[in-house]
Structures are given as C-alpha cells and as structure tokens.
Amino acid sequence: MHAVVIEQSGNTTIVRGAGELDAFAAPDLASAFHDVRGAASVLADLSRVSFMDSTALGAIVRGVRALGEEGARVQVVLPHGTARRIFEITTLDRALPVAATRQAALEALEA
C-alpha cells in the first residue's frame, strides 16, 4: 500500500510519499512531481516510506532533477531503515540535496 500526496507548508510545496513505493507507485510519484512544477521550493518527504524499488527511485530522481533544472530549490527527506538502503547503494544520498528531517529540509529551503 502506498500514498503520494501534495501538501503546502508556508512557501514550500511538499510531495509526501508513504508506504511501499514500487513500480505501481511510480506513476503517482511522476504525476505529483509534474503537478508541483512552477513551485519555487519543493520538499520531497520520503520519511514515511517503508520500501522503495528502483522504479520509484527513478521517478523521484527525475522529478527532483527536473524541478532543479527549472530553478526550484529542492530538498529530499530520506527514509530511515531499509528504504534508505537504495539511496546508499546508488550513492544518491550524496548526489541529491538531502536532509535528515522534514524540519531541517524546511529550514534549508526557507534560508
């Protein structure tokens, strides 16, 4: 089971994923990143993700990069535990603008 929702916190638009993000969830992720295009700052909150496969990871990376290329400030809150492992294996935890917590990401975006 998964959920992908768009929220607002001050001037930051949040794409929040939860549950198991896999090939079935990837279209929802891609759609959410498309829907937030034009936002000045975007937070991808993955802190509630329990599982992630490479298809979902690809959708997140494409979404984050597209937003950045359009001039948006972007931060990614990574999950803890096993879901984070895919970021570490691919070293995307070093290549993407990541934050340890949602609050830290929001502070970085508003700075």
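The values are calculated or read from the model by the stated rules, or taken from the named source; none is laboratory data. What you see is a predicted model; the values in this text were computed from it and never measured. Neighbour counts run over all protein chains shown; Cβ positions are idealised from the backbone, glycine included.
Within the range 31-56, the set of residues being within 21 Å of Arg85 (Cα to Cα) and assigned to a strand (DSSP E or B) comprises Leu43, Ala44, Asp45, Leu46, Ser47, Arg48, Val49, Ser50, Phe51, Met52. One residue stands out among those in the range 84-94 that are of a type in the set (A, V, I, L, M) and more than 13 Å from the chain's Cα centre (by Cα): the one that is farthest from Ile14 (Cα to Cα), which is Ile89.
Residues in the range 1-10 that are modelled with pLDDT of 95 or more, among the aliphatic types (A, V, I, L, M) and either surrounded by fewer than 13 Cβ atoms within 10 Å (Cβ to Cβ) or within 17 Å of Arg65 (Cβ to Cβ) (or both): how many? Number of matching residues: 1.
Please go through the range 11-45 and give me each residue that is among the basic types (Lys, Arg) and surrounded by fewer than 16 Cβ atoms within 10 Å (Cβ to Cβ), ordered by number. Correct list: Arg37 only. Within the range 64-79, being under 21 Å from Ser47 (Cβ atoms), assigned to a loop (DSSP other than H, G, I, E, B) and out of contact with any Leu (no Cβ under 8 Å at 6 or more places or on another chain) holds for one residue alone: Ala72. Among the residues making up the range 1-30, those that are touching a residue at least 24 places away in the same chain (Cβ under 8 Å), assigned to a loop (DSSP other than H, G, I, E, B), at negative phi and of a type outside the set (D, E, K, R) are Asn11, Ala23, Ala25. Looking across Leu78, Leu57, Leu92, Leu29, one residue alone is at pLDDT 95 or above and of a type in the set (A, V, I, L, M, F, W, C). It is Leu29. Of Arg94, Arg65, Arg48, Arg85, all but one fail to be in contact with a Gly (Cβ under 8 Å, 6 or more places away or on another chain), basic (Lys, Arg) and either surrounded by fewer than 15 Cβ atoms within 10 Å (Cβ to Cβ) or over 23 Å from Ala111 (Cα atoms) (or both); the exception is Arg48.
Tallying residues that are under 20 Å from Arg16 (Cα atoms) and over 13 Å from the mean Cα position of the chain (by Cα) within the range 71-82 yields 4. A count restricted to the range 22-50 and to residues that are in contact with a Pro (Cβ under 9 Å, 6 or more places away or on another chain) and not small (Gly, Ala, Ser) stands at 3.
Selection over the range 27-45 of residues that are of a type in the set (S, T, N, Q) and within 10 Å of Ile6 (Cβ to Cβ) gives a count of 1.
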